[in-house]
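Let me begin by presenting the structure, written as structure tokens, before commenting on it.
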Amino acid sequence: MGKQIGLIPRSLGLFLSSTKQRFIMQTFELNGELRSDLGKKATIALRAEAKAPCVLYGCKENVHFSVVEKDLRKLLYTPCVYIVKLNIGGEICEAIMREIQFHPVTERVLHIDFYQISNDKPVVMEVPVKLTGFAVGVQAGGKLTLVVRKLKVKALPVNLPDEITLDVTELALGKSIKVKECIFEGFEVVTPPEVVVAQVKLTRAARAAAKDAK
């Protein structure tokens, strides 16, 4: 169901993610209806019917369509990320969400941009980060912080992970994990290399304990 991957922080010399099973990104099925009238009045009428206008890019021609708002709930209001299997007027393709616009007051979906993907071309997506393990730095009185909740990864669709799991068991007090210190099998993290993903900070209590020990 998934591949075995590992993460090795070069500078720390630690194995921060014990080899784990990586589950391939899940697929979310979504039905759409082709739009012929793209004018402002038609868009207003569409939203009055509780539908959201969308555009599918990456095809020979951009495809304008609409989806029922309630069908988007499980896709949008979740920590998970999905490959979207679109059925637009009987035509089926796989895509990823590129941009979502929300109403500033009501938070209703105003517009969604999708991008069609294919198995032979890599794509870039944001994937949630999950920490596991009881860090030695926390045991020493520090506080573990997940600084970045999602990382941008580049991979073929078949290799996209549904999450990135980091084992922080050996993460010491005052230490951090940066993107450049991480190596994965099957996909590449394209978030800037100096970005801190997680760290164990020295708390006031730990500082006081250190002073008392001296």
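The values are calculated or read from the model by the stated rules, or taken from the named source; none is laboratory data. This structure is a prediction, so every number in the text was calculated from the model and none was measured. As a convention, Cβ positions derive from the backbone with ideal geometry for all residues, glycine included, and neighbour counts pool all protein chains shown.
Residue count for the range 178-204 satisfying the condition of being surrounded by 20 or more Cβ atoms within 10 Å (Cβ to Cβ) and closer than 12 Å to Ala135 by Cα: 3.
What number of residues within the range 109-144 satisfy the criterion of being in a loop (DSSP other than H, G, I, E, B) and of a type in the set (Asp, Glu)?
The qualifying residues number 1.
The C-beta contact set for the range 35-50 (first residue assigned by TED's automatic domain parsing to the domain that holds His111, second residue hydrophobic (A, V, I, L, M, F, W, C), distance under 8 angstrom, 6+ apart or interchain) comprises Arg35/Ala42; Arg35/Leu46; Arg35/Phe65; Leu46/Ala52; Arg47/Leu110; Ala50/Val68.
Hey, can you tell me all the residues within the range 122-176 that are charged (D, E, K, R) and more than 13 Å from the chain's Cα centre (by Cα)? Working first, answer last.
Quick first cut of the range 122-176, residues charged (D, E, K, R) only: 126, 130, 143, 149-150, 152, 154, 162-163, 167, 170, 175.
Once the filter is applied, which keeps residues that are charged (D, E, K, R) and more than 13 Å from the chain's Cα centre (by Cα), the range 122-176 yields Lys143, Asp167, Glu170, Lys175.
Of the set (1) surrounded by fewer than 18 Cβ atoms within 10 Å (Cβ to Cβ); (2) closer than 22 Å to Ile24 by Cβ; (3) β-branched (Val, Ile, Thr); (4) in contact with an Asp or Glu (Cβ under 8 Å, 6 or more places away or on another chain), all apply to Thr78 but (4).
Answer yes or no as to whether Lys60 is part of a helix (DSSP H, G or I) and exposed (fewer than 12 other Cβ atoms within 10 Å of the Cβ). Don't jump to the end; show me each part of the working.
Working: part of a helix (DSSP H, G or I): no; exposed (fewer than 12 other Cβ atoms within 10 Å of the Cβ): yes.
Answer is no for this residue.
Once the range 81-108 is narrowed to residues that are among the β-branched types (Val, Ile, Thr) and either assigned by TED's automatic domain parsing to the domain that holds Val189 or outside any strand (DSSP E or B) (or both), the residue that is surrounded by the fewest Cβ atoms within 10 Å (Cβ to Cβ) is Val105. Taking the listed residues Val153, Val136, the one that is more than 26 Å from Val124 (Cβ to Cβ), surrounded by 15 or more Cβ atoms within 10 Å (Cβ to Cβ), in contact with a Leu (Cβ under 9 Å, 6 or more places away or on another chain) and not basic (Lys, Arg) is Val136, with no other qualifying. Looking only at residues in the range 171-183 that are out of contact with any Gly (no Cβ under 8 Å at 6 or more places or on another chain) and of a type outside the set (Asp, Glu), which one is farthest from Val123 (Cα to Cα)? Checked the range 171-183; the qualifying residue farthest from Val123 (Cα to Cα) is Ser176.
Listed conditions (1) on the phi < 0 side of the Ramachandran plot; (2) without any contact (Cβ under 8 Å) to a residue 40 or more places away in the chain are all met by Gly174, apart from (1).
Summed over the range 26-78, residues that are within 30 Å of Lys152 (Cα to Cα) and out of contact with any helix residue (DSSP H, G or I) (no Cβ under 8 Å at 6 or more places or on another chain) total 28. Yes or no: Lys20 at pLDDT below 90, within 23 Å of Leu131 (Cβ to Cβ) and of a type in the set (Lys, Arg)? It is true that Lys20 is at pLDDT below 90, within 23 Å of Leu131 (Cβ to Cβ) and of a type in the set (Lys, Arg).
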